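A.B. asks: Got a structure here, written out as C-alpha cells. Questions coming.
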Amino acid sequence: MKTTILVAPGNDLISFLSHISYDLKKRRIEYSVIGFFNSDGQPMCMIENKGRSSWVECDSKQIIDVALEIKATGLCFIHNHPSSLKEQPDLKPSEADLSFLKDLITSLEGTGLGYLGCWITSNGHLNEILYSLHKNKTTTPFNDFFTDTIFATLLTPNFKNVVETLTKTELLQLNRYKISSVYIDECRIVFNIRRYKYLGIDDEDTWAFCFEARDSNSNEFIFSLNSEQAIKAYDAVIELMTFSEQLLSTEIEYTEVTAKLCDDSSCGFYQDNNQQKAFWNIGNNINLFFPITDLNVISNFIVAGLEKIDQIQNQESSIIDD
C-alpha cells in the first residue's frame with residue numbers, strides 16, 4: 001500500500017468527512033482515504049489509495065503502523081462506491097467491506113487508537129458501516145464477530161452523534177395527529193402528537209407529545225414533550241393522584257405537591273385541611289385550577305398518544321412485510 005502522507009482537510013471529524021465525501025463524489029473508480037486524528041479531534045494528515053472500478057486494496061495493519069508512528073490517537077477509513085449523479089447512492093457494504101471492517105477493529109485492539117468509523121460514500125452521501133449494522137440489525141457472514149460488546153464499545157454517544165449528523169438530510173417531514181381536546185378552567189387544550197421524519201439514506205423518526213393551550217383571556221402557549229419526557233410525565237401524574245388519596249386521610253393544615261413536566265409546564269395539587277385542588281401551570285401566563293380527578297387528562301393523553309404511535313408503526317410494518 002502506498003503511504004504518501006497528505007495534508008488533511010477540515011478541523012474535526014465531521015468537516016474532514018464532508019470534504020472527503022465531496023471530493024470522492026467526482027471519482028469514477030474506487031479510492032480509499034485514511035484520516036489520522038489527534039487528541040483534540042483534529043485531523044493531522046491522511047493517506048489516499050487509488051483502486052480500480054469496483055475495489056480498492058487496504059492493509060489494516062499498515063494503517064495502524066502509520067497511526068502509531070505519527071502518534072495519532074484515532075483514525076477513520078472512508079472509501080467510495082462510484083456511481084453517476086443520476087443513480088441512487090450505493091451505500092451497501094460488500095462482503096469485502098465487512099471483512100476489512102472486522103480486520104480493522106481487530107487490529108485496533110490494544111493499540112489505544114480510537115475508532116472513528118469505517119465509512120462508505122456515494123454521490124456525496126455517507127454511511128458508517130458498523131453503525132448501520134447495529135441500527136438495521138443486518139445479518140452478515142461475520143455476525144459472530146459483530147457482537148453487542150463490539151457495538152457498545154465502539155459506538156459511543158459522541159460518535160453516534162457524528163454519524164447521525166452526517167447521514168441525516170435537511171429534508172424534514174412533519175405529520176400531526178390530533179388525539180383529543182378538553183376544556184379545563186375555561187382553557188381549551190388540544191392534545192396532538194407530531195412525527196418529525198428526516199428523509200435521507202437512513203430515515204429517522206422523532207415523536208413529540210404536544211399541548212396547545214388557549215385560555216379565556218386569549219393567552220396562548222404551546223409546549224411539547226419527547227417520548228421519554230412523556231412517559232415520565234405519565235408516571236408523575238399517576239404518583240400525584242395516588243399521593244393525593246393518601247393525604248386525604250391525614251390531618252394536615254396545608255401542603256402543596258408539584259411535578260415538573262418540562263421547563264415550560266408543571267402540575268400538582270394543594271391540600272388545605274381536607275380540601276384538595278389540582279393546578280397546572282403552562283408557560284408564564286396560564287395557571288389553571290380544577291378538581292384533582294381531572295389531572296388524568298394528562299395521563300390519558302399520553303396513553304392515547306403511545307397507542308397511536310404503536311398503531312402507525314404496526315401499519316407501516318405490515319405494509320413492508322407485504
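Each reported figure results from applying straightforward, stated rules to the coordinates on display, with no laboratory input. Note that the structure is a prediction, hence the values are computed from the model and not measured. In this analysis, Cβ positions are derived from the backbone assuming ideal geometry, glycine residues included, and neighbour counts consider all displayed protein chains.
A.B. asks: Work out from phi, with θ = phi - 60° and the Karplus expression 6.51 cos²θ - 1.76 cosθ + 1.60, the ³J(HN,Hα) of each residue of region 65-74, listed in order in whole Hz, and give x for Gly and Pro.
C.D. replies: Values per residue, Gly and Pro as x: 4, 5, 4, 5, 5, 8, 6, 6, 10, x Hz.
A.B. asks: Consider just the alpha-carbon atoms of region 93-164 and return their Rg together with their Dmax, both in angstrom.
C.D. replies: In Å, with Rg to one decimal and Dmax whole: 11.8, 35.
A.B. asks: Apply the Karplus parameterisation 6.51 cos²θ - 1.76 cosθ + 1.60, with θ equal to phi minus 60°, to every residue of region 260-269 and state each ³J(HN,Hα) to the nearest whole Hz, in sequence, with x for glycine and proline.
C.D. replies: 7, 7, 6, 5, 9, 7, 9, 9, x, 8
A.B. asks: Can you compute the charge dipole magnitude of the chain about its Cα centre, using +1 on each Lys and Arg Cβ and -1 on each Asp and Glu Cβ, nothing else charged? Give it in debye, rounded to the nearest 20.
C.D. replies: That gives a dipole near 1340 debye.
A.B. asks: Above 24 angstrom, tally the Cα pairs of region 5-167 and express them as a % of all pairs, no decimals.
C.D. replies: The answer is 28 percent, as a whole percent.
A.B. asks: Place the peptides 246-256, 264-274 in order of packing, highest mean first, counting for every residue the other Cβ atoms within 10 Å and averaging per peptide.
C.D. replies: Going by the mean number of other Cβ atoms within 10 Å, highest first, we get 264-274, 246-256.
A.B. asks: Evaluate the relative contact order of region 94-250 (contact order divided by residue number), counting alpha-carbon pairs under 8 angstrom at least 6 apart; express in whole percent.
C.D. replies: The normalised contact order for region 94-250 reaches 12 percent.
A.B. asks: Here's something else I'd like to know. Among F301, F221, what is the fewest-to-most ranking by other Cβ atoms within 10 Å?
C.D. replies: Ranking F301, F221 by Cβ neighbours within 10 Å, fewest first, gives F221, F301.
A.B. asks: Once the chain is represented by equal point scatterers at the alpha-carbon sites, with solvent omitted, what log10 I(q)/I(0) does the Debye formula produce at q = 0.07, 0.15 Å⁻¹?
C.D. replies: The calculated log intensity ratios at q = 0.07, 0.15 Å⁻¹ are -0.46, -1.10.
A.B. asks: Okay, next question. For region 206-308, max minus min Cα coordinate along each principal axis, in Å, sorted largest first?
C.D. replies: 46, 32, 19
A.B. asks: In the neighborhood of I184, defined by Cβ-to-Cβ distances under 14 Å, what is the net charge if each Lys or Arg adds +1 and each Asp or Glu adds -1?
C.D. replies: Around I184, the surrounding residues sum to -2.
A.B. asks: Applying the Karplus parametrisation 6.51 cos²θ - 1.76 cosθ + 1.60 with θ = phi - 60° to the phi angles of region 277-291, what ³J(HN,Hα) value in whole Hz is obtained for each residue in order, glycine and proline being reported as x?
C.D. replies: Working through the residues one at a time gives 8, 8, 9, 9, 9, 10, x, 9, 10, 10, 10, 9, 10, 6, x Hz.
A.B. asks: Let me have the 222 nm mean residue ellipticity of the chain computed from DSSP H runs of 4+ only, each contributing -39500 (n - 2.57), with the sum over all residues rounded to the nearest 500.
C.D. replies: About -11000 deg cm²/dmol.
A.B. asks: In a GNM of the chain with a 10 Å cut-off on Cα contacts, which of I292, I47, I302 has the highest mean-square fluctuation?
C.D. replies: Looking only at I292, I47, I302, the largest GNM fluctuation is found for I292.
A.B. asks: If I stretch the segment between N314 and I150 completely, what's the gain in nm (0.36 nm per residue apart, minus their alpha carbon distance), one decimal?
C.D. replies: 56.0 nm
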